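Let me begin by presenting the structure, written as structure tokens, before commenting on it.
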Amino acid sequence: MRTLTVKGIRIDDTFAEAFGMRATAVIITADTARWARQTAITMTGFATSVIGCGCEAGIDRPLDARATPDGRPGVRVLLFAVSTSELQKQLSARVAQCVLTSPGSACYAGLAGTESLRLGNALRYFGDGWQISKRFGGKHHWRIPVMDGEFVCDATTGLTKQAVGGGNLLIMGRSAQATLAAAEAAARAIEKVADAIAPFPGGIVRSGSKVGSKYKGVIASTNDAYSPTLKGAVKTALDADIASVLEIVIDGLTSQAVADAMRAGIAAIVKLGPKRGAVRIGAGNYGGKLGPHHYHLKDLLP
Amino acid sequence: MTPLVLTLHQRPEQRLDLSPLVPQRLAGKSANEIARIELQTTRVRVTVGDAFRLRMGDAQHVRIEGACDRLDQVGAGMSAGAIDVAGDVGIRAGRLMTGGRLMIHGNAGHWTASAMKGGEIEITGSAGDHVGGPLAGEVAGMRGGLVIVRGNVGARAADRLRRGMIVVEGGAGEYAGSRMIAGTLILRRKAGALPGYLMKRGTIILGEGARALSPTFADCGVHRLVAMRLVGAYLKPYSAATAALLRRPLRRFAGDMAVSGHGEIFVGNES
């Protein structure tokens, strides 16, 4: 594989291959920024990969009190799934179990779309007949009496079919510590990109997978080509100086958001430099035949 | 955009029905055609040309100048555009309106916004009885849109309100929000006796309470609700004082228990 070098960091001449997804967004508010964030963290827990979690979810960005519908501090959360029905199921379950239950919370539509998903319209029955519907200013929301007052929830939120999941960066370094430093820098930069999330813990995944396995019935298994401890034993993709690899997976409401997030991530890794961070950046793909969205690293350089 | 201006010559001999003078019915008409529109409510024929001086302009924006309380049904059935009125209007202003904006720089008569479905009405003065209410025989009153009255309103404001919002910066007569089905009525100043009489659902907010509250409303304590912040945020561009009222703690009464008890009255500074 040809590589080019930017400020001492080797960039693979390859691309990330990503897939179309269904996505939605909600705005969670609370009396304090701390509780808005806590609610969002709980709601987006166990949502790292559609393979095992049903959806991928994360915090898009915190919102200032002036930017939320009720004038309280808030957080915008994005959810991605492979089908509209699964997205609806995950949205309803997560809002019901994690947002409705959280002290002082309220939940609003975070995306305007031509199609919509049920939000309060699915939850209102919790009110057992005491729920109150309000429509004004082109909005419809439900007020559901709960033990600390009322849970206010928009009736619906928007759905987009233009979302993209699976943008990624493979970050390779000379030590686990340096690789993690580079990955953290990239994750922090991606946090700031609007309409995109990195759903894995802290935005980072260490167990990248390949399709298939030697065992019957196992659909994915460890990415041995990028496992440094197997460097001599398998057909490796790693150079002699690579001791650790971390991946950042990116989901975005639009293809542009994914490209922007990857660009921001690469810029942060390059800025950190090869001494303290990564020495090589790659990307994962399946030969280009499975996913319609291709993000070539050479187009995303700072 | 030059508005189409209608200036009333003098107080008409009879009540006039101005419902034909809404933007969607004037669109595409020439000055002559407009002048021939009949407005009479008796057997004596009165046309626009007889009663008004007409200055042509874009029919999407109609201005009525020198108006008086004999002009009924101003803006009735309006679906889009804007009507500005300088002066008072008679009964049923904005009745069955579905969209657009009706602005009255003066007072309005009874049944203002009667059974309105959408759009906005603003009245700088006061309005009569039955704001938003249904006419005899109709099942529901106002079912959408926003009404702002800067002055006071008469009795039975928001009678059988089904949806939408009525905001009164002044006070109200008796039985405000009577038989409400849903929707929101806000009265910044004191309401007359028995607000929410037989209301099923819906929300009444009283900035200064009422002369008498029915014993069929049950005290639910004082609360600061997120829902009030949402209403306040929506109303801020229309009425900053009302938005400020909604940020204060409000005492909630559930009722009318004589019916289903799913309605609510919020009371601000009780006096």
Could you derive backbone 3J(HN,Hα) for segment B:147-154 from the dihedral phi with the Karplus parameters 6.51, -1.76 and 1.60 (θ = phi - 60°), listing whole Hz in sequence and x where the residue is Gly or Pro?
10, 10, 10, 6, x, 9, 10, x
Order these by the 10 Å Cβ neighbour count, fewest first: A:H293, B:H130.
A:H293, B:H130
What are the GluC sites (Glu not before Pro) within segment B:2-99 that DSSP puts in a loop, where the Cβ has at most 16 other Cβ atoms within 10 Å?
B:E13
Which whole number gives the average count of other chain Cβ atoms within 10 Å of the Cβ atoms across peptide A:146-153?
2
May I ask you to list the lysines whose Cα is less than 27 Å away from that of B:K29, ignoring any residue fewer than eight positions away on the same chain?
B:K117
Segment B:176-219 versus segment A:235-274: alpha-carbon centroid distance in Å
61
Under 10 Å, Cβ to Cβ, from B:L8 - net charge with Lys/Arg +1 and Asp/Glu -1:
+2
Can you give the net charge of the other residues whose Cβ lies under 10 Å from the Cβ of A:G282, counting K and R as +1 and D and E as -1?
-1
Amide proton proximity set for B:I148, modelled H, under 5 Å, gap of 5+:
B:I121, B:E122, B:I123, B:V167
Tilt of helix B:226-235 relative to the longest C-alpha principal axis of chain B, in degrees (0 to 90, nearest 10)?
20
Would you give the gap between the C-alpha center of segment B:239-254 and the C-alpha center of segment A:1-51, rounded to a whole Å?
41
Give me the percent of DSSP beta bridges within the protein assembly as shown that run antiparallel, rounded to the nearest 5.
60
Which residues' amide hydrogens lie under 5 Å from the amide hydrogen of B:G177, considering only partners 5 or more residues apart or on another chain, with H built in the peptide plane?
B:A157, B:A158, B:D159, B:G196
Report the Cα centroid-to-centroid distance between segment A:114-137 and segment B:70-140 in angstrom, as an integer.
31
Scan of chain A for trypsin sites (Lys or Arg not before Pro) in DSSP loops with at most 13 other beta-carbon atoms within 10 Å gives a longest site-free stretch of A:8-191
Lys, Arg +1 and Asp, Glu -1 on Cβ, resulting dipole of the protein assembly as shown about Cα centre, debye, nearest 20
620
Lys and Arg at +1, Asp and Glu at -1: neighbours of B:W111 with Cβ under 14 Å from its Cβ sum to -1
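Laboratory data are not the source of any read-out in this text; all were calculated from the coordinates shown. The model shown is predicted, which means the values in this text are computed figures rather than measured ones. Quick reminder, even Gly has a Cβ in these numbers, built from the backbone with ideal geometry, and neighbours come from all protein chains shown.
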